[in-house]
Amino acid sequence: MKRRLLTAFAAILLLTSMMLQTAYAALPVVEVYKDPNCGCCTGWIKHLQDNGFTTNVHNVADTASYRKKFGIPATLGSCHTATVGGYAIEGHVPAADIKRLLKEHPTAIGLAVPGMPLGSPGMEAAKKMPYDVLLLKKSEQKTTSSQDVSQSVFHHYDAD
């Protein structure tokens, strides 16, 4: 009887371990384009890694060109740009919001946190600023501008 219980317990542990490994393996790699001297970018990358993401970091001289390439308007720029699962990620977007984006899979360009708000991942501070994570979509209006992007609040973070 004890042997059966131990065998069943070992099987449950093995299955749980395999499910956890699968859950982490299911997250796509985040390709990050950042200035080689930016400390807050390194903090954001660590935040992603601590939340189960694998990152591939590219130190580049000009992050603006990557923003443009991935469809992020310059007005929403921050200090780093990333791609994951076919989406662009601009700035200090929390890992939980990236996971939600990947789970919900909306038709979108990606997410952005413009600027460098205190309290966002990689910009930890004693006093947090309120900030929004924006969902970026191609605008429905047909114009000649390359910045035809609509935005809506994907997640709002309050100040402390």
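The values are calculated or read from the model by the stated rules, or taken from the named source; none is laboratory data. In this text the structure is predicted, and so the values were computed from the model without any measurement. Note that each Cβ is placed from the backbone with ideal geometry, even for glycine, and that neighbours are counted across all protein chains shown.
Is the range 133-146 home to any residue that is closer than 21 Å to G86 by Cα, among the small types (G, A, S) and either exposed (fewer than 13 other Cβ atoms within 10 Å of the Cβ) or modelled with pLDDT of 95 or more (or both)?
yes
If you take the residues in the range 77-107 that are small (G, A, S) and surrounded by fewer than 20 Cβ atoms within 10 Å (Cβ to Cβ), which one is nearest to Y33 (Cα to Cα)?
Applying the filter and picking the extreme gives G77.
Identify all residues within the range 101-135 that are assigned to a helix (DSSP H, G or I), in contact (Cβ under 8 Å) with a residue 40 or more places away in the chain and within 13 Å of H155 (Cβ to Cβ); write none if there are none.
L101
Counting just the residues of the range 51-76 that are charged (D, E, K, R) and free of Cβ contacts under 8 Å to residues at least 24 places away in the same chain, which one comes out surrounded by the fewest Cβ atoms within 10 Å (Cβ to Cβ)?
D62
Name the one entry in I89, I98 that is at pLDDT 95 or above, assigned to a strand (DSSP E or B) and under 16 Å from F53 (Cα atoms).
I89
What are the residues in the range 33-74 that are of a type in the set (A, V, I, L, M, F, W, C), touching a strand residue (DSSP E or B) at 6+ places or on another chain (Cβ under 9 Å) and outside any loop (DSSP other than H, G, I, E, B), if any?
C40, C41, W44, I45, L48, V57, A64
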